[in-house]
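Notes to accompany the following structure.
The values are calculated or read from the model by the stated rules, or taken from the named source; none is laboratory data. Note that the structure is a prediction, hence the values are computed from the model and not measured. Using ideal geometry, Cβ is built from the backbone for each residue, glycine included, and neighbour counts are taken over all protein chains shown. The protein model used for the area step is the full one, side chains on, heavy atoms only, and it has no ligands, DNA or RNA in it. Shrake-Rupley method; radii C 1.70, N 1.55, O 1.52, S 1.80 Å.
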Amino acid sequence: MRRIDFIVIHCTASPQTQTVKVITDYWKKVMGWKKPGYHHLISADGTDNQLLPISEVSNGVQGFNSHSIHISYIGGVEVLKGKNSKGQVINVLGKPI
């Protein structure tokens, strides 16, 4: 077992409706990560999605990952309705929640 010094709590800084698949696809396709950013990802309904065993190192906080467990909840910002420059209604990320 690896040494654990930190338990890091994150939020995804996304709407609570974000899916686990969208988040994990972002890490793979955009960030190019082979491993997830968190060990556990908690959905808005309280479901614990284990993404990686805690015995493995995740990509949560650069420089601290080898001795950390990373847990995140989906959410962190509200979604508001706004309008773009063409007057079309769009979702806009608002204040932290």
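In the chain, how does Rg compare with the Kirkwood Rh, expressed as the Rg/Rh ratio over alpha carbon atoms?
Working: Rg = 15.5 Å, Rh = 14.6 Å.
Using Cα coordinates only, the ratio equals 1.06.
Pull up the DSSP beta bridges for the chain and report the antiparallel fraction as a percent, rounded to 5. Before the final figure, lay out each step's value.
Numbers: 9 of 19 bridges.
For the chain, the DSSP antiparallel bridge percentage is about 45.
Which entries of Lys29/Lys81; Lys35/Lys83; Lys34/Lys81; Lys28/Lys86; Lys34/Lys86; Lys21/Lys81 have Cα-Cα distances beyond 30 Å here?
Violating the 30 Å limit, Cα to Cα: Lys35/Lys83; Lys34/Lys81; Lys28/Lys86; Lys34/Lys86.
Read phi for every residue in the stretch 32-42 and hand back ³J(HN,Hα) as whole Hz from Karplus 6.51 cos²θ - 1.76 cosθ + 1.60, θ = phi - 60°, with x for Gly and Pro.
x, 7, 8, 10, x, x, 9, 7, 10, 10, 9
Using amide H atoms built in the peptide plane, which far-off residues or other-chain residues are under 5 Å from Asn59 H to H?
Correct list: Gly37, Tyr38.
Under 5 Å between amide hydrogens, which residues at least 5 positions from Ile69 or on another chain qualify, with H placed 1.01 Å from N in the peptide plane?
Distant-sequence amide H within range of Ile69: Phe6, Ile7, Val8.
At a threshold of 8 angstrom on Cα-Cα distance, excluding pairs fewer than six apart, so keeping six or more, what relative contact order does the chain reach in percent?
Working: 181 pairs, mean separation 33.8, N = 97.
Computed over the chain, the figure is 35 percent.
For Met1 and Lys86, FRET efficiency with R0 = 35 Å and r from the beta-carbon atoms, rounded to 0.05? Can you show the working numbers first?
Details: r = 55 Å, r/R0 = 1.58.
My answer for the efficiency is 0.05.
Would you tell me the accessible area of Leu80, worked out with a 1.4 angstrom probe on the heavy atoms of the protein chains, in Å² to the nearest 10?
Probe radius 1.4 Å; accessible area of Leu80 about 70 Å².
So, for the chain, what is the accessible surface per residue at a probe of 1.4 Å, expressed in square angstrom? The partial results should precede the final answer.
Numbers: 6420 Å² over 97 residues.
So the chain comes to 66 Å² accessible per residue, rounded to a whole number.
Tell me the mean residue ellipticity at 222 nm calculated for the chain from its helices only (DSSP H runs of n ≥ 4, each -39500 (n - 2.57), averaged over every residue, nearest 500).
Numbers: 1 runs with 7 residues, N = 97.
After summing the helix terms and dividing by the residues of the chain, the value is -2000 deg cm²/dmol.
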